[in-house]
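Engineer: This structure is in structure tokens; I'll ask about it shortly.
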């Protein structure tokens with residue numbers, strides 16, 4: 001009994017609880033009402049990032065090429081955070097700014113990119129990836145892209161929507177042909 | 001790396017993984033190139049009833065009132081303070097307030113099923129809620145999820161990001177649940193089960209359950225003095 005109390009009120013975990021990271025479980029299909037975050041009951045579709053305003057549409061598909069309508073994407077860009085669920089078409093659309101160059105490591109730094117974290121029903125763990133913007137200087141020398149087999153680098157690059165100026169599309173393919181590159185670390 | 005304490009991405013008994021699990025191995029990044037330690041600034045205001053799911057509507061929800069509390073620590077045992085902890089769950093009848101939940105169990109107008117809080121300097125969180133019901137799903141014939149509360153933990157960076165589910169002691173559905181059994185290590189599975197705690201139980205009010213959470217890595221929050 002005392003041990004149970006210590007686990008919550010005391011300064012250390014009880015001895016039967018090892019300091020091993022808690023196992024991940026899927027976000028499931030019904031997270032929308034639970035991860036609203038903003039006080040207005042909505043998720044965060046606008047990143048407070050400085051720079052040229054852009055719309056970034058992320059389109060999530062599965063191994064059969066079908067849209068994933070119950071994924072959740074979290075973005076991080078220079079400390080600015082965004083979080084959106086995908087819609088019926090597997091798409092979510094963020095308002096943000098073109099990211100800037102990242103200093104270091106090394107003299108040429110990293111190409112502008114946005115960090116993305118992917119959750120979904122059917123994903124027992126979340127996934128990490130990066131979104132680069134086609135044509136940005138530095139893509140050729142980016143040290144992270146350099147670790148990606150050449151044939152797969154394109155999966156990390158958003159392209160301009162030919163139908164709408166200022167809108168970029170990032171295809172996030174969870175599995176199969178053109179599978180997006182995911183990172184550990 | 002995780003010796004079976006974290007689930008694999010592809011686990012066919014959980015049918016949704018079959019088309020959604022990436023099949024290519026993840027590319028390892030050294031810490032110098034990682035985004036995981038990039039700080040995420042600030043959270044949104046937490047409302048007064050955000051951590052009490054029984055007080056978010058005009059009347060009290062149906063069901064067994066419970067208190068769920070515990071600490072969020074990193075793998076070094078240090079408290080993760082000011083972490084955003086978000087929860088969502090089904091109501092006492094096993095129904096989510098979600099337009100796509102078609103389980104023919106009643107909705108409770110007095111239960112939204114979503115809460116959030118910020119951990120205190122000791123890494124502690126606490127929620128008052130009602131015990132969720134089990135519910136059926138379509139994964140396999142006569143499939144039911146054990147009662148659970150979804151948890152999302154967000155510290156100061158993505159290094160400590162965690163989304164998981166907390167279960168309740170002695171649930172007869174455990175042996176049949178592929179989401180839980182995707183975790184190979186039996187002790188890791190057991191650590192997802194909260195513990196009934198009489199010392200947390202409030203007389204004439206609510207049953208108490210304790211559940212501690214260990215997030216990956218070391219928390220980026222500068223913290224003087226180790227536990």
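The values are calculated or read from the model by the stated rules, or taken from the named source; none is laboratory data. Every value quoted in this text rests on a predicted model; they were computed, and no experiment measured them. All Cβ positions, even for glycine, are placed from backbone atoms using ideal geometry, and neighbour counts span all protein chains on display.
Engineer: Where residues in the stretch B:50-82 are in contact with a helix residue (DSSP H, G or I) (Cβ under 7 Å, 6 or more places away or on another chain) and farther than 22 Å from residue B:169 by Cα, which of them is farthest from the other protein chains (Cβ to nearest Cβ)?
Structural biologist: Here the answer is B:80.
Engineer: Now a separate question. Out of B:113, B:94, I need the residue that is within 17 Å of the chain's Cα centre (by Cα), on the phi > 0 side of the Ramachandran plot and crowded, with 20+ Cβ neighbours inside 10 Å. Which one?
Structural biologist: Answer to the check: B:113.
Engineer: Could you tell me whether residue A:70 is surrounded by 19 or more Cβ atoms within 10 Å (Cβ to Cβ), under 21 Å from residue A:179 (Cα atoms), facing chain B (nearest Cβ under 10 Å) and more than 15 Å from the chain's Cα centre (by Cα)?
Structural biologist: No; evaluated as a whole, the condition is false for this residue.
Engineer: Kindly state which strands (runs of 3 or more DSSP E) lie completely within the stretch A:94-185 and contain at least 1 residues that are closer than 22 Å to residue B:32 by Cα and either facing chain B (nearest Cβ under 7 Å) or at pLDDT 95 or above (or both).
Structural biologist: So the answer is A:113-120, A:127-133, A:157-160.
Engineer: Here is a follow-up. Of the residues B:94, B:47, which is modelled with pLDDT under 95, part of a loop (DSSP other than H, G, I, E, B) and either under 27 Å from residue B:124 (Cα atoms) or more than 9 Å from every other protein chain (Cβ to nearest Cβ) (or both)?
Structural biologist: On inspection, the qualifying residue turns out to be B:47.
Engineer: Any idea which of (1) farther than 30 Å from residue A:106 by Cα; (2) out of contact with any helix residue (DSSP H, G or I) (no Cβ under 7 Å at 6 or more places or on another chain); (3) facing chain A (nearest Cβ under 10 Å) is the one residue B:34 doesn't satisfy?
Structural biologist: Exception for residue B:34: condition (1).
Engineer: Of all residues in the stretch B:107-153, which are more than 10 Å from chain A (Cβ to nearest Cβ) and closer than 18 Å to residue B:58 by Cα?
Structural biologist: If the condition is that a residue be more than 10 Å from chain A (Cβ to nearest Cβ) and closer than 18 Å to residue B:58 by Cα, then B:107, B:108, B:109, B:110, B:111, B:128, B:129, B:130 are the ones that fit.
Engineer: Kindly indicate whether any position in the stretch B:199-217 is facing chain A (nearest Cβ under 9 Å), outside any loop (DSSP other than H, G, I, E, B) and without any contact (Cβ under 8 Å) to a residue 24 or more places away in the chain.
Structural biologist: no
Engineer: Mind listing just one residue for me: the one in the stretch B:12-28 that is within 7 Å of chain A (Cβ to nearest Cβ) and over 23 Å from the mean Cα position of the chain (by Cα) and, of those, surrounded by the most Cβ atoms within 10 Å (Cβ to Cβ)?
Structural biologist: The qualifying residue surrounded by the most Cβ atoms within 10 Å (Cβ to Cβ) is B:22.
Engineer: Right, next: Being closer than 29 Å to residue B:96 by Cβ and touching a strand residue (DSSP E or B) at 6+ places or on another chain (Cβ under 8 Å): is that true of residue B:59 here?
Structural biologist: Taking the combined requirement at face value, the residue does not satisfy it.
Engineer: With surrounded by 14 or more Cβ atoms within 10 Å (Cβ to Cβ) and either within 30 Å of residue B:183 (Cβ to Cβ) or modelled with pLDDT of 90 or more (or both) as the only criterion, which of A:49, A:21, A:64 stands out?
Structural biologist: That would be A:21, the only listed residue that is surrounded by 14 or more Cβ atoms within 10 Å (Cβ to Cβ) and either within 30 Å of residue B:183 (Cβ to Cβ) or modelled with pLDDT of 90 or more (or both).
Engineer: Name the residue, out of A:133, A:115, that is within 30 Å of residue A:28 (Cα to Cα), in contact with a strand residue (DSSP E or B) (Cβ under 8 Å, 6 or more places away or on another chain) and crowded, with 19+ Cβ neighbours inside 10 Å.
Structural biologist: A:115
Engineer: Here's something else I'd like to know. Go through the stretch B:1-11 and give me each residue that's touching a helix residue (DSSP H, G or I) at 6+ places or on another chain (Cβ under 8 Å) and more than 8 Å from every other protein chain (Cβ to nearest Cβ).
Structural biologist: Selection gives B:4, B:10.
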